[in-house]
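Just below is one structure, and these are the notes that go with it.
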Amino acid sequence: MAKVQVTMKVNGAPAEGLVEPRTLLIHFLREQLNLTGAHVGCDTSHCGACTVDLDGRSVKSCTMFAVQADGADILTVEGLAAPGGTLHALQEGFREMHGLQCGFCTPGMLTRGYRLLEENPRPSEDEIRAGIAGNLCRCTGYQNIVKAIQYAAARLAGAPVKEAAE
Amino acid sequence: MNDVTPSSAERAEKLQGMGCKRKRVEDIRFVQGKGSYVDDLKLPGMLHGDLVRSPYGHARVRKIDAAKAKALPGVVAVLTAADLKPLNLHYMPTLAGDVQAVLAEEKVLYQNQEVAFVIATDRYVAADAAELVEVEYEELPALVDPFKAMAPGAPVLREDIKDKTDGAHGKRKHYNHIFAWQIGEKEATDQAFRKAEVTVKELISYQRVHPCPLETCQCVASFDKIKGELTVWGTFQAPHVIRTVASLISKIPEHKIHVIAPDIGGGFGNKVGAYPGYICAVVASIVTGRPVKWVEDRIENLSATSFARDYHMTTEIAATKDGRVTGLRVHVLADHGAFDACADPSKWPAGFFNIVTGSYDFPVAHVAVDGVYTNKAPGGVAYRCSFRVTEAAYCIERAMDILAQKLGLDPAELRLRNLIRREQFPYQSALGWEYDSGDYHAALKKAMDAVDYRALRAEQKARQEAFKRGETRELMGIGVSFFTEIVGAGPSRNCDILGIAMFDSAEIRIHPTGAVTARMGTKSQGQGHETTYAQIIASELGLPADDITVEEGNTDTAPYGLGTYGSRSTPTAGAATAMAARKIKAKAQMIAADLLEVSEYDLEWDVDRFRVKGNPERFKTMKELAWAAYNRVPKGLEPGLEAVNYYDPPNMTYPFGAYICVLDVDVDTGVCKVRRFYALDDCGTRINPMIIEGQIHGGLTEAFAIAMGQEIRYDEIGNCTNPSFMDYFLPTAVETPKWETDWTTTPSPHHPIGAKGVGESPNVGGVPCFANAVNDAFKFLGSTHIAMPHNHWRTWTVADKLGLHG
């Protein structure tokens, strides 16, 4: 199949590659750019393990062709921490509040949480639950993910963070 | 100096040992997207495999034509049963003593059964080529109802064994019969029923479900022709068992097989077994001489790679009028699908279903189980539970509620009258188990107090009156469950997998600087072993948990173990870890005695050091002793400081708990809204309360999913009708209730640190608790048993049948 050149910005750096028109964005990210943080968990856009941030919105990268992302600005979980390696407040929150277990959904949850807090810096618990309803987790029961996002919201607002997970 | 020496308590806190809420070491890589899962692996020259699967539930395979597929650029090979047969690999042995087709030879027996394996240079080409393989089928009548499996004239499913009268577990009654298994005293039980003042009987079915971890099953196989060595990276909950099975099947010597389970994206029982895709990838790598990756998609996972439950339990309890149970009789019809690939210890075809007497003091009981073949996917894995334990807990907990209803007793009160009493432990159950420890009454009373149970019942009564007066359309249900698990398989006298005793292991190496590398025979899939095993070592040896690296999953380096499932890691490998640490400590004590020039008996242990009794100023820390072990050991002692322990537990452990659920049912929509869920767990000694709570949250959420919506459904011709996330229920953060957790602590008397295991308790206790709550809402209207799953439609239908819609 004839290949197409795509160029985009990924985690602040330029990225390019030759893809088939049918190549899914998740496969371009994982297999050509070696950004294996985002995962494939289903075939139907339900699980959100593949979530990345694209031009200021959360997208499921398994439901988008790489060619559709040509020219886009993408943030994946690998780009969340500061260049010096300091963890983002969300990454810190997920660890502090035990918001992950097997880690498979975590990159998608983190990038989704990132966009959620960009749009709504002080979300209520219900808003967080609704905001991550496109991301499935089989391990945690979500309760500590909600706490992790609340932790990050407080930290980003400079407010004191709650006690760590029980 | 003394005023700045940290106290014992301060030093203990710094170790981050047992009992503290240590943050997980795994998280550092996971939150940065740096986990290393199977599909992340990329090897030079790696090929991709994809499976051609049957569209039919039951059909004869007339012809397979792979010419068009092979002609597609990028396709390297197409494997069928004809290619595997000369290698004797077209069938593989199952854990249950049956065989399972790797690629279908003459017949397909379930929809999406594996028929051909396409190998190509990239995953897209492999998928294209799978579409181009032309298979000619002749459809046969499908058998999907297990109750019709042994009817005269039922379709013959397994032609390969139709004339075999002996199965792996005794005589077969019918060509679709797999095994009959029974336990308990039949005559004494029948007599208890003949004499009973009150009896109840109900068919309690536990629907077919799927564990559905977020990462599907997958592997990369790489055969090195020069060395004759095979390396397989895979989603394996039991990597050593996979290595042994791979060696037995392939005849490659076991020392030339390297099995590596990297990070695993959830297992829940799904990743215990060996599946056709693994075998195909291995053969493909041998044939092509290149690494081959196989990654199943979600539809394949849900429809073909195992299942759980599908247990149909006809349950009877005999009791006195005042609510003392006098006998339990259960017959189970077990639907095992097309091949018996049930993942149980080899001598236990119905798992540990004989824990079905639950937490109650039944004087007699009898259980009989018949397993049958149907045109459904093979499997029978323990989805977040020990073997068939959630089936047993659901069975007894529903039946106790039905008995309470018949007696006009409160369900909690009936339980209090029958719970095994604290002084009865160790308790011999009527079906052969020795429960190790418990204080059941204290746990249930604590739970009832925590939710103000009496007030809830009063509120429910008022609601029922209001409902009758037409003032509300909502019913209130209160679910109570009290469960006893049986985990940590197992004593080798009882439990083996294909003849390998079910022990587990730990190897601890203390390096000269006092840093530690420890390896276990288990394999975490999210449970946090790297964090918690280090806590055990930290407490045992007085070395900081942060200086301890825990490794699992590489069969080249880890000692042999049976893997992680059935909540066995803490009871077995956790015990092995403590025992190996104690061997090291004993040697360290000898070194300390030599250095301090006293007798070993004059030393006492203090958190992180041996000190001279009565002279605490004279001591040697474990860190100093580690150095000395490599620098200056006493005469007659080997240098070095390491130990390995293979732990064969003397008994299983019996975690227990009391759960209470409060929900409101809208009779016009069928929506059940969980208002409150309180879970009290007793898992013995608690290693990391944060991780325990996380395990309980997760297990309760899976229990909620099973009770309220999950079901793998088949139509009458064997089509699996819901094998995707479009319609297989996985709750999101919106539907998932909030969980309240609590605990009591009754250590296991036989476990070195008193721990019992916890990962699966919430599923075992949670499912009946939700089901009892829904049933409880309707029972004042005369309903006795509503089958799971309690989805909106089914609940609405129940309301409709009860005439609640006018």
For this session: Provide the packing ranking of B:505-516, B:73-84, i.e. peptides ordered by the mean count of other C-beta atoms within 10 Å per residue, highest first.
Result: B:505-516, B:73-84
For this session: Taking the Cβ of B:L730 as the centre, find all other residues whose Cβ is under 13 Å away and add up their charges (Lys, Arg: +1; Asp, Glu: -1).
Result: -2
For this session: Take peptides B:484-490, A:78-84, B:748-754 and line them up by average Cβ neighbours within 10 Å, highest first, as a rough protection proxy.
Result: B:484-490, B:748-754, A:78-84
Problem set entry | Total charge dipole magnitude, the protein assembly as shown, about the Cα centre, Cβ charges on Lys, Arg, Asp, Glu only, Debye to nearest 20 | 800 debye
Seminar exercise, completed: Gyration tensor (Cα only) of region A:1-133 to equivalent ellipsoid, semi-axes in Å sorted down, yields 26, 16, 13
For this session: Give the residue from B:P363, B:P768, B:P73 lying farthest towards the positive end of the charge dipole for chain B; charges sit on Cβ (+1 for Lys and Arg, -1 for Asp and Glu) and the dipole is referred to the Cα centre.
Result: B:P363
Problem set entry | Candidate lysines for bridging to B:K635, where Cα separation is under 24 Å - those fewer than 8 sequence places away on the same chain excluded | B:K583, B:K585, B:K587, B:K613, B:K620, B:K623
For this session: Tell me which residues come under 5 Å, amide H to amide H, from B:I178 once H is placed; ignore anything under 5 positions away on its chain.
Result: B:G371, B:V372, B:Y373
Exercise. Between region B:26-90 and region B:459-508, what is the C-alpha centre distance in whole Å?
Worked result: 38 Å
For this session: Over all alpha-carbon pairs in region B:163-211, figure out the percentage whose distance exceeds 18 Å.
Result: 64 percent
For this session: From other protein chains only, count the Cβ atoms within 10 Å of every residue's Cβ in A:130-137, then give the mean.
Result: 4
Seminar exercise, completed: For chain B, shape from the Cα gyration tensor axes a ≥ b ≥ c, cut at a/c of 1.5 then a/b versus b/c, turns out oblate
Exercise. Solvent-accessible area per residue for region A:4-79 at a 1.4 Å probe radius, Å²?
Worked result: 37 Å²
Problem set entry | Per DSSP, loop GluC sites (Glu not before Pro) in region B:685-737 with at most 14 further Cβ within 10 Å | B:E716
Exercise. Roughly how big is the A-B contact, given as buried accessible area in Å² (both sides, 1.4 Å probe, nearest 100)?
Worked result: 4700 Å²
Exercise. Which links in B:K195/B:K461; B:K673/B:K801; B:K195/B:K347; B:K85/B:K171 stretch past 24 Å when you go from one Cα to the other?
Worked result: B:K195/B:K461; B:K195/B:K347; B:K85/B:K171
Exercise. Region B:717-764: which residues show an accessible-area loss of 20 Å² or more, assembly versus chain alone, 1.4 Å probe?
Worked result: B:F725, B:M726, B:L730, B:P731, B:T732, B:A733, B:V734, B:T736, B:K738, B:W739
Problem set entry | Whichever aspartates and glutamates have a C-alpha closer than 15 Å to that of B:K186, once near sequence neighbours (fewer than 8 apart) are set aside | B:E316
Seminar exercise, completed: The equivalent-ellipsoid semi-axes of region A:89-157, taken as the square roots of five times the Cα gyration tensor eigenvalues and listed largest first in whole Å, are 16, 13, 10
Seminar exercise, completed: Length-normalised contact order of chain B, Cα under 8 Å, at least 6 apart, in percent, tallies to 15 percent
Problem set entry | Dipole-positive endmost among A:H46, A:P14, A:T86 within chain A (Cβ charges, Cα centre) | A:H46
Exercise. Taking the inverse of the average 1/r across all pairs of different Cα atoms in region B:201-309, what Kirkwood radius in Å do you get?
Worked result: 14.7 Å
For this session: Round to the nearest 10 and report in Å² the accessible area of A:M64, as given by a 1.4 Å probe over the protein chains' heavy atoms.
Result: 20 Å²
Seminar exercise, completed: In region B:208-224, the residues losing 50 Å² or more of accessible area (1.4 Å probe, heavy atoms of protein chains only) relative to their chain alone are B:L214
Problem set entry | Peptide B:522-528 - average C-beta neighbours from other chains (10 Å radius) | 3
Exercise. Counting Lys +1, Arg +1, Asp -1, Glu -1, what net charge surrounds B:D666 among other residues with beta carbon under 15 Å of its beta carbon?
Worked result: -1
Seminar exercise, completed: Share of Cα-Cα pairs in the protein assembly as shown beyond 56 Å, whole percent, is 12 percent
Seminar exercise, completed: Carbon and sulfur atoms account, in whole percent of the 1.4 Å probe accessible area of the protein assembly as shown, for 52 percent
Exercise. What is the sum of charges around A:M8, taking Lys and Arg as +1, Asp and Glu as -1, for the other residues whose C-beta is under 11 Å from the C-beta of A:M8?
Worked result: -3
For this session: Quick one: which residues, 5+ away or cross-chain, put their amide H under 5 Å from the amide H of B:L498? H built at 1.01 Å from N.
Result: B:S346
Problem set entry | Pairwise centroid distance, computed over Cα atoms, of region B:709-760 with region B:352-373, Å | 22 Å
For this session: Counting only heavy atoms of the protein chains, get the accessible area per residue of chain B (1.4 Å probe) and round it to a whole Å² value.
Result: 34 Å²
For this session: Using only alpha carbon pairs under 8 Å that are at least six residues apart, calculate the relative contact order of chain A and give it in whole percent.
Result: 23 percent
For this session: Would you calculate a helix-derived [θ] at 222 nm for the protein assembly as shown, using -39,500 (n - 2.57) for each DSSP H run of n ≥ 4 and dividing by the full residue count, to the nearest 500?
Result: -8500 deg cm²/dmol
Problem set entry | Leading residue at positive end of dipole, chain B (Cβ point charges), from B:S724, B:I396, B:V200 | B:V200
Seminar exercise, completed: Expressed in µm² per second, the diffusion coefficient of region B:290-423 from the Stokes-Einstein equation, with Rh the Kirkwood radius over alpha carbon pairs, at 25 °C and 0.890 mPa s, is 148 µm²/s
Seminar exercise, completed: Rounded to the nearest 5, the percent of antiparallel DSSP beta bridges in the protein assembly as shown equals 80 percent
Problem set entry | P(r) of region A:4-79 over all Cα-Cα pairs, binned every 10 Å from zero, in whole percent | 22, 61, 17
For this session: Indicate the residues belonging to region A:20-64 that lose 40 Å² or more of solvent-accessible heavy-atom surface (probe 1.4 Å) upon moving from the chain alone to the assembly of all protein chains, ignoring ligands and nucleic acids.
Result: A:R22, A:H27, A:R30, A:E31, A:T36, A:G41, A:D43, A:T44, A:H46
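The values are calculated or read from the model by the stated rules, or taken from the named source; none is laboratory data. Treat the numbers as computed from the prediction; the structure is a model and nothing was measured. Glycine gets a Cβ as well: all are built from the backbone with ideal geometry, and neighbour counts include every protein chain shown. Areas reflect the complete protein model, heavy atoms only, side chains present, ligands, DNA and RNA absent. Shrake-Rupley method; radii C 1.70, N 1.55, O 1.52, S 1.80 Å.
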